[in-house]
Amino acid sequence: MINLRANSAQDMKAQCVSLWLLGTTLVLCSVHTTAFRRCPVPVDMHLLEESFQEIKRTVQTKDTFQNITILSPVETLRSIKPVDVCCVTKNLLEFYMDRVFKDHQELKPQILRKISGIANTFLYMQKTLQQCQVQRRCHCSEEATNATRTVHDNYEQLEIPSAAIKSLGELDVFLAWIDRNRQETSAA
Amino acid sequence: MAGVDRMLHCKRNVPGQSKSAKQTLTMVLKGFRTSIIMWLFYTLIPCLLTDGGEALPAPQNLSVHSANMKHLLMWSPVVLPRETVYYSVEYQGEYESLYTSHIWIPSKWCSPIEDAECDVSDDITATVPYNLRVRAILGSQTSAWSILEQPFNRNSTILTPPGMEVSRNGFHLVIELEDLGPQFEFLVVYWRRELDTKEHAKVLRRGGIPVHLETMEPGAPYCVKAQAQVKAIGRNSAFSQAECVEVQGEALPLVLALFAFVGFMLILVVVPLSIWKMGQLLQYSCCPMVVLPDTLKITNSPQKLISCRREEVDSCALAVPSSEELFQAWI
């Protein structure tokens, strides 16, 4: 009788421990995944798309190298995993602000205003992403770093004015990618 | 002057040294010429610098007044008698000030402008600090640039509760909010007063359009309040004052309608009947049709009856008098 009781007590203990382990694993997993996914970027997509539409024709007609792409959608952007989205977004924003907008010399005031609107909006988005980075919610994997390097390499293959114009013309690709990620984050 | 005196003095006292006197004279003349040139130069520089007149003063006291995402840059006007002074406004976002600090962008609506204020809402398109500067223009003259002291960030705009019109269209609760532009969304909250039911909420994407909220039931009034939300700056206004509307009970109008119907039917029936009756009464009172009862009807003439009485019973001569005689006898 006493042995039976001892056995049942041990079984209970074992069950408790396994349940506790399972619970802890689940909690840790959810924390892990939320940490990677939750870096929502407040972005006025409507303004960005509208600004780009107004300069699109002017910019894209000046692009004389039709066979080359810098932000290649098939190879580079579509292959980015959700966990790398924050890092790649941050890097591409930096790419546009550090190189493209600076390298492009715009003379027409109406185009300059639109580019300024886009550049300053990118700056605002960048500040939010930097906060995520400080909170360790924006980890940069090797794939993310390689994808960024591909974009920079593509850019350097052309002369600066042509490269800048081409990258400006490809803003719609970048904006569509940001919008898709934003919708996927809010849906999740 | 001193040099000329010295020259004369030298000439008078030392007649033998004419060559050195000549040299001295040349030197003095050169010095004279140089001093004249220098004098001219010093007097003309200020004239060249001021461009031929008094400098155009720069506008002062720049400030931004911002409410509901409409940003107004204002400054003290430069007043010159009998002159119209124009102003030119330029801006620089935080991106430009960090990455391309020499770039200033002319304002969309204020390059140039005659008023001493400028609506820069279409220029300030991101939630970052913006530098703003103004200068005065008079013909070909321009003043120095006046820069706003503190850069302006549009997230400091004052958000006021939205203007709201709550109305009743039959049993429908309808709300119309003021149109504040595409950057505004509205949160509308409505509930039934005195009934302790939960609040309902609805998000409206634009103002300026009447929107149906709910079909109302009689009893307690419906109360509505609204709040403006601006996603671009992540801020909301305070809620507006609640406005309430009520519908009257349904039973009363139905009863009224029933009574009205019954009354109408009664009228349709009663009125012709009474007219007919009245008609009959009138007929009786003025032109009655008299019918003699049977017992009073004379089948034999009265003469005949009299003659039958007078004479022997057997032979009764039937003498039928004329109708006139009959009528006279009757009267």
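No value in this document is a laboratory result; all are computed from the given coordinates. Keep in mind it's a predicted model, so treat the numbers as computed, not measured. All Cβ positions, glycine included, derive from the backbone under ideal geometry; neighbour counts span all protein chains shown.
Points to keep in mind about this one:
- Calculated SAXS-style log₁₀ I(q)/I(0) at q = 0.32 Å⁻¹ - segment B:84-125, Debye, Cα scatterers: -1.07
- Partners of B:K19 within straight-line reach, counting lysines whose Cα lies under 27 Å from its Cα and excluding those fewer than 8 residues away in the same chain: B:K11, B:K30.
- Inter-chain Cβ neighbour average for residues A:111-121, partner chain, 10 Å: 6
- Over segment B:129-170, relative contact order from alpha-carbon pairs under 8 Å, at least 6 apart, %: 36 percent
- For chain A, the relative contact order comes to 39 percent (Cα pairs under 8 Å, sequence separation of at least 6).
- Check: chain A dipole with +1 on Lys, Arg Cβ and -1 on Asp, Glu Cβ, in debye: 660 debye
- Among the listed pairs A:K166/B:K70; A:K127/B:K198; A:K102/B:K108; A:K56/B:K231; A:K108/B:K70; A:K114/B:K70, a Cα-Cα separation exceeding 30 Å is found for A:K166/B:K70; A:K127/B:K198.
- q = 0.10, 0.11, 0.16 Å⁻¹, segment B:127-228: log10 I(q)/I(0) [Debye, one scatterer per Cα]: -0.48, -0.53, -0.78
- Counting every other Cβ atom within 10 Å of each residue's Cβ, B:M278, A:M125 order from fewest to most as B:M278, A:M125.
- Model label points for B:S156 and B:N169, set 7 angstrom from Cα along the Cα-to-Cβ axis, are 4.3 nm apart.
- GNM on chain A, alpha-carbon springs under 10 angstrom: the most fluctuating residue among A:P161, A:P109, A:P82 is A:P109.
- Peptide B:123-130 shows a mean partner chain C-beta count of 6 within 10 Å per residue C-beta.
- GNM flexibility winner over chain A from A:C16, A:C140, A:C132 (Cα, springs under 10 Å): A:C16
- Average Cα contact separation per residue, segment B:76-143, under 8 Å, 6 or more apart, as relative contact order %: 41 percent
- Footprinting exposure proxy for B:F261, A:F52, A:F174 (fewest neighbouring C-beta atoms within 10 Å first): B:F261, A:F52, A:F174
- Within the same chain, aspartates and glutamates fewer than 8 places from B:K202 are excluded, and of the rest, those with a Cα less than 14 Å from its Cα are B:E176, B:E185, B:E214.
- Between A:H46 and B:V245, the FRET efficiency from the beta-carbon distance, with R0 = 45 Å, is close to 0.85.
- By other beta-carbon atoms within 10 Å, ranking A:L171, B:L72 with the fewest at the front produces B:L72, A:L171.
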